[in-house]
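*Asks:* One structure follows; several queries about it will come next.
The values are calculated or read from the model by the stated rules, or taken from the named source; none is laboratory data. It should be emphasised that the depicted structure is a prediction, and the values quoted were computed from it without experimental measurement. Methodologically, a virtual Cβ is constructed for each residue, glycine included, from the backbone with ideal geometry; neighbour enumeration extends over all protein chains shown. Surface areas here come from the heavy atoms of the whole protein model, side chains and all, with no ligands, DNA or RNA. Shrake-Rupley method; radii C 1.70, N 1.55, O 1.52, S 1.80 Å.
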4 protein chains.
Amino acid sequence: MRSTVHRFTLSDPGDVSPLAAAIDRGDLDPATIVAVIGKTPGNGLVNDYTRGYLTQSLALLIAERTGQTRHAVVERVPFIFSGGTEGVLTPHYTVLCVDDQGTPDGTPTLAIATAFTAPIPAADIGRRAQVLATAEAVRDAMRRARIESAADVHFVQVKGPCLTAAQIAEAKAAGVALASDNPDKSMAYSRVASAFGVALALGELSPEQIEETAFFRDFERYSGVASCSSGVEVQANEIVVLGNSRHWAGDYRIAHREMRDALDIGAIHAVLEDLGLRAAPQLDPPQQAQLAALFVKCEADRTGLIRGQPHTMLNDGDMNPQRHIRGALGAIVAAVTADTRAFVSGGAEHQGPDGGGLIAAIARKPRR
Amino acid sequence: MRSTVHRFTLSDPGDVSPLAAAIDRGDLDPATIVAVIGKTPGNGLVNDYTRGYLTQSLALLIAERTGQTRHAVVERVPFIFSGGTEGVLTPHYTVLCVDDQGTPDGTPTLAIATAFTAPIPAADIGRRAQVLATAEAVRDAMRRARIESAADVHFVQVKGPCLTAAQIAEAKAAGVALASDNPDKSMAYSRVASAFGVALALGELSPEQIEETAFFRDFERYSGVASCSSGVEVQANEIVVLGNSRHWAGDYRIAHREMRDALDIGAIHAVLEDLGLRAAPQLDPPQQAQLAALFVKCEADRTGLIRGQPHTMLNDGDMNPQRHIRGALGAIVAAVTADTRAFVSGGAEHQGPDGGGLIAAIARKPRR
Amino acid sequence: MRSTVHRFTLSDPGDVSPLAAAIDRGDLDPATIVAVIGKTPGNGLVNDYTRGYLTQSLALLIAERTGQTRHAVVERVPFIFSGGTEGVLTPHYTVLCVDDQGTPDGTPTLAIATAFTAPIPAADIGRRAQVLATAEAVRDAMRRARIESAADVHFVQVKGPCLTAAQIAEAKAAGVALASDNPDKSMAYSRVASAFGVALALGELSPEQIEETAFFRDFERYSGVASCSSGVEVQANEIVVLGNSRHWAGDYRIAHREMRDALDIGAIHAVLEDLGLRAAPQLDPPQQAQLAALFVKCEADRTGLIRGQPHTMLNDGDMNPQRHIRGALGAIVAAVTADTRAFVSGGAEHQGPDGGGLIAAIARKPRR
Amino acid sequence: MRSTVHRFTLSDPGDVSPLAAAIDRGDLDPATIVAVIGKTPGNGLVNDYTRGYLTQSLALLIAERTGQTRHAVVERVPFIFSGGTEGVLTPHYTVLCVDDQGTPDGTPTLAIATAFTAPIPAADIGRRAQVLATAEAVRDAMRRARIESAADVHFVQVKGPCLTAAQIAEAKAAGVALASDNPDKSMAYSRVASAFGVALALGELSPEQIEETAFFRDFERYSGVASCSSGVEVQANEIVVLGNSRHWAGDYRIAHREMRDALDIGAIHAVLEDLGLRAAPQLDPPQQAQLAALFVKCEADRTGLIRGQPHTMLNDGDMNPQRHIRGALGAIVAAVTADTRAFVSGGAEHQGPDGGGLIAAIARKPRR
């Protein structure tokens, strides 16, 4: 198996012509696309329809070019989009492909596997049931990707369902207790259950540590590689596992680091160095060309403080905390890499250290 | 003359108790306060009343402690506040004091002078008349501060008036043409006229280059040290000139750099190095303690591109571009300095290179 | 006792010159001011500082004109401001005065009394303790106002404290459980406890019905005359009771109606008719001149539906539901009255029927 | 020719299942759809992608059900969506169909015709060329709809292109002067050119009155029936002309009124009365069932005043004026009709009286 990584700038969620052109040029075979991860230009909150729009646009294109139905494409390929390109960030999407070309060179090489859980019923969203389904799917993906140890997993992206106002009303009428009766809050619950699922699969948390009472409470329990989103546009957990494996062919490898807090610029330098890149204080153009994709998960510190000083993100009635923190982390990362096409996603509860988060990057292997 | 710099975190624009406590402790004499520059927690746009609120609160306190009237305090002390602490930024204010203590040590030392123009009539806001009045006031301030050359000026903060909806309606009724009939746009016009005024005073622009037709058009004409704000709460241009002079006593000195674009992290490192501080990639705690104040002026690139990639700041109907860019630059600066108390102000038209801006920092002199 | 009502348009929370002019003209004696209720131009959410700013400005003015200290003024006069003048609404404030002029004419006449509870500790905000303190204060106010029966009470405005991020962090550190660990949500808890307090005082709810478990759950338990706000700027519940009494002199009387839902335009017509005013479909200019003040409390329907059709207020990540609903109700009321100076306040949990709210109006008595 | 009107509530721009179900039930033949006008749940500003998303979803559905290509559907059917369902408004879309069933009853009956101009080049957007192209297309549509006089035209909906940041950058690079170099402002220019085009076609303005210098200046020049939108998702002006004609069969007729200002509730009553409906003060359920569609165009008064009192819509940095005014007018209309499914669109420059706008309604003819 060979992995390839293709990144496209997005001008409008209805316009996927850059990918179409790449397919037309033969740069990539649409049948080999296994996952798409990207940033869309919406607000990244419950009423962000740019994620669904881009999904529809991409599914249409891939269906046309492969002869599959749109439905079949959506069933097979996780489309994982985080809305919100605050500040310097660029809407874009990274297309991950797997084919059977090339020969492994024996070094750690990017390995990719995807998995889908069964649809999560409204009553299970943000609950233990979602945790267990996620863990099972992650383990299955690792096995299929021939990633040998949990330490070789560097990024697990999960997109899970959240509750709509309609579902909440329905449950209330039916007397069913949901994890939350607030759509916005349900997005957080879904992310947390997914994160616990990844942590369980990778041994970051023991089965005993999987307790709903720890959700939003015991932030020492986290996954250092889980990046979890949620949105009304999916019904099941869609999972993409990225790691390194010597069994794969291809030019790419991946690394990750935890971020201690929102100012942990050292973690950015460290993950780049893990990949042979050195920012001084910014990557130079040849190094920029090596960087293939970068993923950040972050969170507005819930204590209201960063390095002992107050921030205003949690009190702002006009701008959601996630819009604040994405803009902040996106800028720091872009300043170090000179690249604004970073996947920066908010809502990092139990994903990396509390008040911080995590960063993963994919780069071409250095020439030897 | 001796300069001192005092920085206070702001929890609420109605609460100036930290300054009151510092006065009570004898840390600073309220009669020596010559200017206050700060960030308030509003949106930083036309309807941001946190600037006026903090001004009222501080003027009340200083009046009470000095026995002056509130009116006299406001006439004497420029209170220059920029709203908007997006992302990691901390609301705070920096109190600049001048007294007659100490002896000059013969090295370049922070020199401070303030100046006020006459009230700017609505018809002159954003016009040549505002440019000339500003230039005159800057030159006068330099003279009084004994700053010997324009090269020794590192930061000129100007706060000028903008047009309210009421003034615009009045002018329309009277048939008077204003620089703009849009309150938000008038804020920009005021900033630009102030910036041209600073550039004229410092010889960055020649008298021939002062043309209204160049406003918002010829962005090669700029000041590398002007930081201009505007707001409904002032009627005249209020100016604070900061530079270095061997005639001053005190522990502080100042430096500045232009920023080429929003990702110019190199400029941040450079200005710190000018002051003997080295971020690798972040200031360490002893160096953090030396940093006394940091000022950034920045702008969402009007081409819609940063390093060749699109950003969404100019198209976002929910978040003003200034909220985006302040959050981005604030985060980059804070990541390098480990300090979230930066004055980061948007609206940098003709203040530093287009699409970039400028940065100035005050630090304690290194121990010798 | 005689009641008078004075309404002033607000151009800026720092500018109280219209009230100053009225005092100077002798229109009102500042010593007779017993309460001020108004709408300020902020966002009406946790980080709305326009309420505190206007309070500071008014307290300063009244202190100057009465010779009292600012502190004494704030201790005596409830300043109750709701932020957010969305849509057609006009920032304004209504000054309520009580003096000993005039003679009762024997008809029901506007009676006013204010009351303050003791400061509410953070742990009591949104709890039964706040309910009981509020009820006690309301009963005391009625007694002092000589309002003979609960049926004569038409509007009880309460402003209570809410939790700040700092208080929440402190409580968490101290292991103290608060009603909510979310500042925005704490505003709602404070309003609910106040509303239950009013309902208890007026016999709308029995003592047995005062249960914390009913908060946000049993919306059949409500007060039809309570209008509760909350904000960081007060530490105690500040209460203004408005009713009719034959023992009062003055030209004004008050009426109220419950609103069934957000489209209950019939309630607006009804409350006007109670006061002898008839909108067909809008008040005519002579009737407009009779209307002295109008108060609305409203809420975005939590079912997500209005008359069976979905609304989007609860899902909007860019605009808080309260900004939506205030703009909607403000417009309906203004269209019927031809007057944009309505006090329209969101957050009507347990204040009027769920999904609706209540309306109260003060008008001059018709000439006989 | 027979006209029919079908209204569907929208839960998500990617979900057009209610229309699909109606087609499946035989309620409407997809081949007879001539236009769709609707409200989507975005912010209604430049970065509102919900309009394009719904267009893609509907075009896909209609293409599948008619056997046409998506491209052919979009070429034939104007999809005219206004984003922004602030306050009580419900996202929905009205499908207008024309078939050859039925016989005219000789009374004025809803007549529908659509027209498309050629694509408008970026340089012509907001210019005289767009005016003339629009006028020509409107006249052509009237002719084809057999609407005999301009007085029988009650609503002309136009959706025109606006400028993107990319187009503006391109024009600047090419030295081409555009109507505006601000994307948001270009939306307004496009609307104004379209409105002048409608007014020219209907004789509301003479050819001499079509001057670019009058745009945004002489607001006495307006169309009383034009409702113009703009967005990045169209390249040509797409036009829907609605009027009455005795040559048509069908159960519906249409009426319209100008609105003097934002509080002109009388105009709402009047347009309903024109259709035989009487709100007292609200339509009763049988009358509600007769109302088939309602269209409002409105504008935040640019003087900053409504009935002599200030509003804050033009100064609000957090909420665009169009979000404010749509929420206000939507609420007033819904309160009178008891129906939240109104098409309320902002940006009414030169569309109805300045500061006001216009209202049109379609209702079933009363039973005789």
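*Asks:* Return yes when C:S223 is open to solvent by 20 Å² or more (accessible area, probe 1.4 Å), within 16 Å of C:E136 (Cα to Cα) and more than 14 Å from every other protein chain (Cβ to nearest Cβ) and no when it is not.
*Replies:* No, not satisfied.
*Asks:* Next question, about the same structure. Can we say A:A166 is surrounded by fewer than 24 Cβ atoms within 10 Å (Cβ to Cβ) and assigned to a helix (DSSP H, G or I)?
*Replies:* yes
*Asks:* Can you tell me which residue in the range A:104-123 is surrounded by the fewest Cβ atoms within 10 Å (Cβ to Cβ), limited to those that are out of contact with any strand residue (DSSP E or B) (no Cβ under 8 Å at 6 or more places or on another chain) and in a loop (DSSP other than H, G, I, E, B)?
*Replies:* Ranking the candidates gives A:G106 first.
*Asks:* Right, something else. Write out, first by first residue and then by second, each pair whose Cβ atoms fall under 7 Å of each other, whose residues are 6+ apart or on separate chains, and whose first residue, in the range A:55-70, is among the hydrophobic types (A, V, I, L, M, F, W, C) while the second is assigned to a helix (DSSP H, G or I) and crowded, with 18+ Cβ neighbours inside 10 Å.
*Replies:* A:A59/A:V73; A:A59/A:V74; A:L61/A:L19; A:I62/A:P30; A:I62/A:V73; A:A63/A:V73
*Asks:* Enumerate the pairs (first residue in the range A:304-318 and facing chain C (nearest Cβ under 7 Å); second residue anywhere and assigned to a strand (DSSP E or B)) with beta-carbon separation below 8 Å, excluding pairs fewer than 6 apart on the same chain, so at least 6 apart or on different chains.
*Replies:* Within 8 Å, the pairs are A:G304/A:P310.
*Asks:* Can you name the residue in the range C:319-351 that is part of a loop (DSSP other than H, G, I, E, B) and within 14 Å of chain A (Cβ to nearest Cβ) and, of all such residues, is most open to solvent (accessible area, probe 1.4 Å)?
*Replies:* Of everything passing the filter in the range C:319-351, C:N320 is most open to solvent (accessible area, probe 1.4 Å).
*Asks:* Out of everything in the range A:152-176 that is closer than 17 Å to A:D124 by Cβ and in contact with a Cys (Cβ under 9 Å, 6 or more places away or on another chain), what residue ends up being farthest from the other protein chains (Cβ to nearest Cβ)?
*Replies:* Only one residue fits best here, namely A:V158.
*Asks:* Take the residues in the range A:240-272 that are open to solvent by 10 Å² or more (accessible area, probe 1.4 Å) and in a strand (DSSP E or B), then tell me which one is farthest from A:F155 (Cα to Cα).
*Replies:* Selected residue: A:Y252.
*Asks:* What are the residues in the range A:1-22 that are outside any loop (DSSP other than H, G, I, E, B) and away from chain D (no Cβ under 14 Å), if any?
*Replies:* A:R2, A:S3, A:T4, A:V5, A:H6, A:R7, A:F8, A:L19, A:A20, A:A21, A:A22
*Asks:* Follow-up question, since we're still on this one. Determine whether the range D:209-220 contains at least one residue that is assigned by TED's automatic domain parsing to the domain that holds D:S149, of a type outside the set (F, W, Y) and within 23 Å of D:D140 (Cβ to Cβ).
*Replies:* yes
*Asks:* Quick check on D:S223: is it in contact with a Gly (Cβ under 9 Å, 6 or more places away or on another chain), closer than 30 Å to A:D15 by Cα and polar (S, T, N, Q)?
*Replies:* Considered against the rule, which asks whether it is in contact with a Gly (Cβ under 9 Å, 6 or more places away or on another chain), closer than 30 Å to A:D15 by Cα and polar (S, T, N, Q), D:S223 comes out as no.
*Asks:* A further question follows. Could you check, for the range A:136-151, whether at least one of its residues is away from chain B (no Cβ under 14 Å), on the phi > 0 side of the Ramachandran plot and not in a helix (DSSP H, G or I)?
*Replies:* Scanning the range A:136-151 turns up at least one residue that is away from chain B (no Cβ under 14 Å), on the phi > 0 side of the Ramachandran plot and not in a helix (DSSP H, G or I).
*Asks:* Anything in the range C:177-188 that is more than 21 Å from C:A133 (Cα to Cα) and either more than 11 Å from chain A (Cβ to nearest Cβ) or open to solvent by less than 20 Å² (accessible area, probe 1.4 Å) (or both)? List them, or say none.
*Replies:* The one that is more than 21 Å from C:A133 (Cα to Cα) and either more than 11 Å from chain A (Cβ to nearest Cβ) or open to solvent by less than 20 Å² (accessible area, probe 1.4 Å) (or both): C:P183.
*Asks:* Looking at B:A63, B:A21, can you tell me which residue is open to solvent by 20 Å² or more (accessible area, probe 1.4 Å) and over 30 Å from B:A166 (Cα atoms)?
*Replies:* B:A21
*Asks:* Anything in the range D:307-318 that is assigned to a strand (DSSP E or B) and surrounded by fewer than 24 Cβ atoms within 10 Å (Cβ to Cβ)? List them, or say none.
*Replies:* D:Q309
*Asks:* Another question about this same structure. When you scan the range A:66-76, do you find a residue that is surrounded by 24 or more Cβ atoms within 10 Å (Cβ to Cβ), under 25 Å from A:P119 (Cα atoms) and charged (D, E, K, R), even just one?
*Replies:* Scanning the range A:66-76 turns up no residue that is surrounded by 24 or more Cβ atoms within 10 Å (Cβ to Cβ), under 25 Å from A:P119 (Cα atoms) and charged (D, E, K, R).
*Asks:* If I ask for residues that are away from chain B (no Cβ under 14 Å) and more than 23 Å from the chain's Cα centre (by Cα), which ones from the range D:277-303 would you list?
*Replies:* Listed by number, the residues that qualify are D:R278, D:A279, D:A280, D:P281, D:Q282, D:L283, D:D284, D:P285, D:P286, D:Q287.
*Asks:* Looking at the range D:278-303, which of its residues are touching a residue at least 60 places away in the same chain (Cβ under 8 Å) and surrounded by 23 or more Cβ atoms within 10 Å (Cβ to Cβ)?
*Replies:* D:A293, D:L294, D:F295, D:V296, D:K297
*Asks:* Next question. When you check B:D218 against the structure, is it open to solvent by 40 Å² or more (accessible area, probe 1.4 Å) and within 14 Å of another protein chain (Cβ to nearest Cβ), yes or no?
*Replies:* Yes: the conditions hold for B:D218.
*Asks:* Let me ask another. Mind listing whichever residues of the range D:23-43 are more than 14 Å from chain B (Cβ to nearest Cβ), in contact (Cβ under 8 Å) with a residue 60 or more places away in the chain and farther than 19 Å from D:V240 by Cα?
*Replies:* D:L28, D:D29
*Asks:* Here's a follow-up. Limited to the range B:130-153, what total is found for residues that are in contact (Cβ under 8 Å) with a residue 24 or more places away in the chain, out of contact with any helix residue (DSSP H, G or I) (no Cβ under 9 Å at 6 or more places or on another chain) and over 18 Å from B:V98 (Cβ atoms)?
*Replies:* Residues flagged as in contact (Cβ under 8 Å) with a residue 24 or more places away in the chain, out of contact with any helix residue (DSSP H, G or I) (no Cβ under 9 Å at 6 or more places or on another chain) and over 18 Å from B:V98 (Cβ atoms) within the range B:130-153 amount to 0.
*Asks:* Within the range B:60-87, which residues are part of a strand (DSSP E or B) and of a type in the set (V, I, T)?
*Replies:* Hit for the range B:60-87 is B:I80, nothing else.
*Asks:* Moving on. I'm checking my understanding of the structure. Among residues of the range B:124-149 that are open to solvent by 40 Å² or more (accessible area, probe 1.4 Å) and hydrophobic (A, V, I, L, M, F, W, C), which one is farthest from B:L358 (Cα to Cα)?
*Replies:* That would be B:A129.
*Asks:* Go through the range B:182-215 and count every residue that is at pLDDT below 95 and not in a helix (DSSP H, G or I).
*Replies:* Going through the range B:182-215 one residue at a time, the tally reaches 1.
*Asks:* Residues that are modelled with pLDDT of 95 or more, over 20 Å from the mean Cα position of the chain (by Cα) and more than 15 Å from D:V271 (Cβ to Cβ): does the range D:337-353 have at least one?
*Replies:* yes
Results for (1) within 14 Å of chain D (Cβ to nearest Cβ); (2) assigned to a strand (DSSP E or B), shown as yes or no for each residue.
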residue	(1), (2)
B:L45	yes, no
B:L54	no, no
B:L89	no, no
B:V98	no, yes
B:G102	no, no
B:Q130	no, no
B:A133	no, no
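*Asks:* Return the total of residues in the range C:352-368 being part of a loop (DSSP other than H, G, I, E, B) and open to solvent by 10 Å² or more (accessible area, probe 1.4 Å).
*Replies:* Qualifying residue count for the region: 6.
*Asks:* Does C:R65 satisfy being among the basic types (K, R) and either touching a strand residue (DSSP E or B) at 6+ places or on another chain (Cβ under 8 Å) or modelled with pLDDT under 95 (or both)?
*Replies:* So C:R65 fails the test.
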